[in-house]
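Note sheet for the following structure.
The values are calculated or read from the model by the stated rules, or taken from the named source; none is laboratory data. Quick caveat: nothing in here was measured; it's all calculated off a predicted structure. Here the Cβ positions follow ideal geometry from the backbone for every residue, glycine too, while neighbour counts run over all protein chains shown. Note: areas computed on protein heavy atoms with side chains; ligands, DNA, RNA excluded. Shrake-Rupley method; radii C 1.70, N 1.55, O 1.52, S 1.80 Å.
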Amino acid sequence: EPEVTQTPSHQVTQMGQEVILRCVPISNHLYFYWYRQILGQKVEFLVSFYNNEISEKSEIFDDQFSVERPDGSNFTLKIRSTKLEDSAMYFCARQGTSGGNYEQYFGPGTRLTVT
Amino acid sequence: SQQGEEDPQALSIQEGENATMNCSYKTSINNLQWYRQNSGRGLVHLILIRSNEREKHSGRLRVTLDTSKKSSSLLITASRAADTASYFCATDPNTGFQKLVFGTGTRLLVSP
């Protein structure tokens, strides 16, 4: 099954700025996820999104974060006021769709650098 | 407590040898998945094993799952230099939302 695509591949921003990371999945998928990976650390779950609503979020996903699917295709993660500690790789993932398949397929990631 | 811990943290072998990585977890799960990550790149899904399965094969990969011990192993047979990567196990805790909880990973280096 094809992966999702993500844009941009690398984003550099100044502390306090807003960033929007984009994920472009195939339109008929319902379950999406955002994860992040701080350099050298494990991949951490941020939020899951089902049928255009948040289904679960982690303690990392505070009021500075939001997700939406504004046009029914692109799936975005917004960080309102970035902090240095938001520097990480951010991965979008979608759930497999065939026969009760629960694999998650990840995009290539966006490397966010906050200076 | 930490869900999903792999050992060893790093493994260095020669081409042609087998590589075995282990993963332990703490809660009940729906399934366990293994992923590969090349340096600085995305996560590539390798294999999924459900909680009612004990062993699964895919090409040169063999995964086992022991739910009584809350552990899994990934065996890569006849390793190649291209297998050099970090390998992560990820569990789907039985919460109904299918989020994945990743382990700390094993860095595998396969030398020609």
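Comparing B:LEU74, B:LEU65, B:LEU46 in a Gaussian network model of chain B where C-alpha atoms under 10 Å apart are linked, the largest mean-square fluctuation is found at B:LEU46. Taking all protein chains into account, the per residue accessible area for chain B stands at 46 Å² (1.4 Å probe). Assuming charge only on the beta carbon of Lys and Arg (+1) and of Asp and Glu (-1), the dipole of the stretch A:15-94 about its Cα centre is about 260 debye to the nearest 20. For chain A, modelled as a GNM whose springs connect Cα atoms under 10 angstrom apart, the maximal fluctuation among A:LEU77, A:LEU39, A:LEU21 occurs at A:LEU39.
Think of the protein assembly as shown as having a plus end and a minus end, set by charges on the Cβ of Lys, Arg, Asp and Glu; of B:LEU43, A:LEU112, A:THR7, B:LEU43 sits farthest toward the positive end of this dipole. The A-B contact accounts for approximately 1800 Å² of buried accessible area, totalled over both chains at a 1.4 Å probe radius. For B:LYS56, the lysines whose Cα falls under 20 Å of its own Cα, not counting residues fewer than eight places away in the same chain, are B:LYS69, B:LYS70. Under a GNM of chain B (C-alpha, springs under 10 Å), which listed residue has the highest mean-square fluctuation: B:SER72, B:SER86, B:SER58? Judging by the Gaussian network model, the answer is B:SER58. Counting only residues at least eight positions apart within a chain, or on another chain, the lysines with an alpha carbon under 30 Å from that of A:LYS83 are A:LYS42, A:LYS57, B:LYS99.
Could you please report the charge total around A:TYR102, scoring K, R as +1 and D, E as -1 over all other residues with beta-carbon less than 10 angstrom from its beta-carbon? Walk me through the intermediate numbers first.
Details: positive: B:ARG50; negative: A:GLU103, B:ASP92.
Once positives and negatives cancel, what remains is -1.
Net charge in the neighbourhood of A:ARG69 (other residues with Cβ under 13 Å of its Cβ; Lys, Arg +1, Asp, Glu -1) is 0. Taking every residue in B:39-46 and counting other chain Cβ atoms within 10 Å of its Cβ, the average works out to 6.
Dipole size in debye (nearest 20) for the protein assembly as shown around its Cα centre, Lys and Arg Cβ +1, Asp and Glu Cβ -1? Please report the intermediate quantities before stating the final value.
Working: 23 positive and 24 negative charges, 53 e Å.
With only Lys, Arg, Asp and Glu charged at Cβ, the dipole is about 260 debye.
Mean partner shielding of peptide B:104-112, defined as the number of other chain Cβ atoms within 10 Å of each residue Cβ, is 1. Each of B:LEU32, B:SER72, B:THR84 was placed along the dipole of chain B (beta-carbon charges, centred on the mean Cα), and the one lying farthest toward the positive end is B:LEU32.
How large a share of the accessible area of the protein assembly as shown, in percent, is made up of carbon and sulfur atoms when the probe is 1.4 Å and the other protein chains stay in place?
Carbon-and-sulfur percentage of accessible area, whole number: 45.
How charged is the neighbourhood of B:ILE76? Take every other residue with its Cβ under 11 Å from the Cβ of B:ILE76, and add Lys/Arg as +1 and Asp/Glu as -1.
+2
Burial here means at least 10 square angstrom less accessible surface with every protein chain in place than with the chain by itself, probed at 1.4 Å; in the stretch A:27-64 the buried residues are A:TYR31, A:TYR33, A:TYR35, A:GLN37, A:LYS42, A:VAL43, A:PHE45, A:SER55, A:GLU56.
What separates the Cα centres of the stretch A:8-69 and the stretch B:43-104 is a distance of 24 Å.
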